[in-house]
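In what follows, a structure is listed as structure tokens, so that the remarks can point back to it.
Readers should treat all values here as calculations from the given coordinates under stated rules, not as data from a laboratory. Quantities reported herein were computed from a predicted structural model and do not represent experimental measurements. Every residue, glycine as well, gets a Cβ built from its backbone with ideal geometry; the counts of neighbours run over all protein chains shown.
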Amino acid sequence: MTIAVRTLDDGAWISVNDSRQVSVSDVWTLSRGVFCDCEPAYVLLEGFFDVDVDGSVVAASTVGQCLECGTRDSIDRLPVGRMIDGKFSPYDPAGVQWLREPDAERDGESS
Ligand SMILES: [Zn+2]
């Protein structure tokens, strides 16, 4: 089954199967080192400029700014959600997102 993903409104939204799912106005919590030196980094996204599906994971390329230190940079392939049984399930922006491939999925890791 094909998953149709695209950006809308000049990158303000990510659309999955013709439904607006992810807004750019969220603050995403990123783990240290992948964006800046803050741990974690609270990054306000400014716009999505690309979105892609990697297996079942929907990943967006975006630009964001750290609310703590002010670092502004592009983020390559931020996982914003995944497809489960054909439906989009967004990740929680407040949860720490790993931009690099995790070796294994683990829960309960807190600082
Ligand atoms: Zn920072």
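For A4 and R32, what does the FRET efficiency come to when R0 = 35 Å and r is the distance between their Cβ atoms, rounded to the nearest 0.05? Write down the numbers at each step before the final one.
Numbers: r = 34 Å, r/R0 = 0.98.
Computed FRET efficiency for A4 and R32: 0.55.
For the range 5-90, what class follows from the C-alpha gyration tensor (a ≥ b ≥ c being the square roots of its eigenvalues): rounded when a/c is under 1.5, otherwise prolate if a/b is larger than b/c, else oblate?
On the way: a/c = 2.38, a/b = 1.69, b/c = 1.41.
It is prolate, given that a/c is not under 1.5 and a/b is the larger ratio.
What is the extension gain from T71 to F49, computed as 0.36 nm multiplied by their sequence separation minus the C-alpha to C-alpha distance, in nm to one decimal? Display every interim value, and only then the final one.
Values: separation 22, 0.36 × 22 = 7.92 nm, distance 1.86 nm.
Gain in length upon complete extension: 6.1 nm.
Rounded to the nearest 0.05, what FRET efficiency do S56 and S25 have when you use their Cβ-Cβ distance and R0 = 25 Å?
On the way: r = 25 Å, r/R0 = 1.00.
Efficiency, from the Cβ-Cβ distance: 0.50.
GNM, the chain, Cα, under 10 Å: largest mean-square fluctuation among G64, G55, G86?
The residue with the greatest mean-square fluctuation here is G55.
What ranking of I84, I3, I75, I14 emerges when the number of other C-beta atoms within 10 Å of each C-beta is taken as an exposure proxy, fewest first? If you can, show how the numbers build up before the last one.
On the way: I84 9, I3 13, I75 20, I14 26.
Starting with the residue having the fewest Cβ neighbours, the order is I84, I3, I75, I14.
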